[in-house]
Amino acid sequence: MAPLLAVTVAMVLADSAVVTLALPDILQHLDASVGQVAWVLIAYNLVLAVAAVPAAMIVTRARPHVFSAAGIALFAGASAWCAVADSIEVLIVARCMQAIGGALALVGCLEQLAEEQGERRGVASWITAGVIGTAVGPVAGGLLTQAISWQAIFVVQVPFAALAVPAALAVHIAPEREPDRHRPAVRANITLALMSAALTAALFLLVLLLVEGWGRSPAAAAVTVSVVPVAALAARPLARFLRPPPQVEIAVGCFLVAGGLAGLAIPPSPDLVWSIAPQALVGLGLGLTVDRLTTQAMEMRLPRARHAGWTIGARHVGVVIGLAILTPVFTADLQDAQEPAEEAITSMVLDAPLPPQDKIAVAKALGRALSEEKGQVPDLHGAFEALDLDPKDRPAAAQLERDLTGQVERAATRAFRDSFLIGAGLALLALLTVIPARRRRTP
């Protein structure tokens, strides 16, 4: 039973970012605006953040196994609804229902894992599953989108969740009647929220940069960002080997995330290899902080589910804050970068070794592409593909396309720079919350 419950926890938390690489396909398929598509991400995280504590209160005062199973069933049904959504509005509503079911499932599975495996091991399994789900979400979503379609992201969740429903019903737990004896761990939850906001830059903006900015396929982007979950998994054995004090471990993790995001802000060139080392730093930081902070926020605090609700709420409030801060910044920077990029493109077309009539045709085709994709990173390949050129001029046109694509990629990289630096700043702000305030000595 425990493995199915742990997989459910991973799925629910993976859904906070699983659709990131599918957003361009969703935008096109459902004929939505960029703002509407952003709500596919925001709605899920916002509802999960708001519903987590009430769900925990319900689970601790009622029959945990019943509400856990009900939450998983609701998550499964809403996932199926997401897969068949025929409009962006329906998809957003279905995502909200997913989040409500996910909130009940998360706190219910925690109680059941603790019952099945014992307090310490059960809580550790719950935390580890959450870290893995958070890190793996974008990778899984990208591979499924590339291999099948964006709907497949939600379809594959249904059978796993359906199998978890009887598993949840099988783990009976008596309702908890103890009063809330411990206050929430405020500092740990604030740090967790800030780190989640910072990690949004890596788990959300990075994949957009790779797909929309650098023109990589969702599969290539998914393979590239797999560095983050691999490094996150390596962080725990490393921490156990070095055995740093908990606060030092969290501080180092915050610093690593800040350094990784700063590295993503200033790559030497739009080449995937330059994102590897910064991602490894982010992944190590994620593994060192989220795990340890969640443990601190829940350790020896009763009722256990209530404090789990606070940590879930803190994490996803952080995600929403990160999206709210970073999305307008990189959108505005993309628009600001468009005019100088267009000027550079015009100059490169004029300097190209092509006949005047071909230059005019290229300029018109590029003008249409830039106009149609206003506010987004333009795909110039279609403009060149539609041209009817003399065979002897095609090598020069191909070289011009490569040069222009490089210019667009560099412009996109600069447009994402400020957002990555803001994410690094959020990680450093989280670091400040870890440093204990000095107590004044009494004379």
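Couplings 3J(HN,Hα) of segment 233-248, computed from phi: 5, 6, 5, 5, x, 5, 5, 5, 6, 7, 6, x, x, x, 5, 5 Hz, in residue order, whole Hz [Karplus 6.51 cos²θ - 1.76 cosθ + 1.60, θ = phi - 60°; x for Gly and Pro]. At the residue level, residue 194 shows approximately 30 square angstrom of accessible surface with a 1.4 angstrom probe and all protein chains present.
Here the Karplus relation 6.51 cos²θ - 1.76 cosθ + 1.60, evaluated at θ = phi - 60°, turns the backbone of segment 70-86 into coupling constants of 5, x, 5, 5, 5, 4, 5, x, 5, 4, 4, 5, 4, 5, 9, 4, 10 Hz, with x for every Gly and Pro. Here residue 220 and residue 266 are evaluated by their C-beta separation; at R0 = 30 Å the FRET efficiency comes out at 0.85. Here's how it looks for residue 173: its modeled amide H is under 5 Å from those of 65, which are all 5 or more places away or on a different chain.
Radius of gyration (Cα atoms) of segment 135-229, expressed as a multiple of 2.2 N^0.38 Å: 1.53. Under 11 Å from a label point set 7 Å out along the Cα-to-Cβ vector of residue 170, the amide N atoms of segment 1-41 belong to 1-5.
Here r is the Cβ-Cβ distance between residue 87 and residue 241 and R0 is 60 Å; the resulting FRET efficiency, rounded to 0.05, is 0.70.
For segment 50-62, the Karplus equation 6.51 cos²θ - 1.76 cosθ + 1.60, evaluated at θ = phi - 60°, returns couplings of 6, 7, 4, 5, x, 4, 5, 5, 5, 5, 6, 9, 10 Hz by residue, with Gly and Pro reported as x.
The values are calculated or read from the model by the stated rules, or taken from the named source; none is laboratory data. The structure displayed is predicted, hence computed values, not measured ones. Cβ atoms come from the backbone with ideal geometry, glycine included; neighbour counts cover every protein chain shown. Remember, those area values only see protein heavy atoms, side chains included, never the ligands or the DNA or RNA. Shrake-Rupley method; radii C 1.70, N 1.55, O 1.52, S 1.80 Å.
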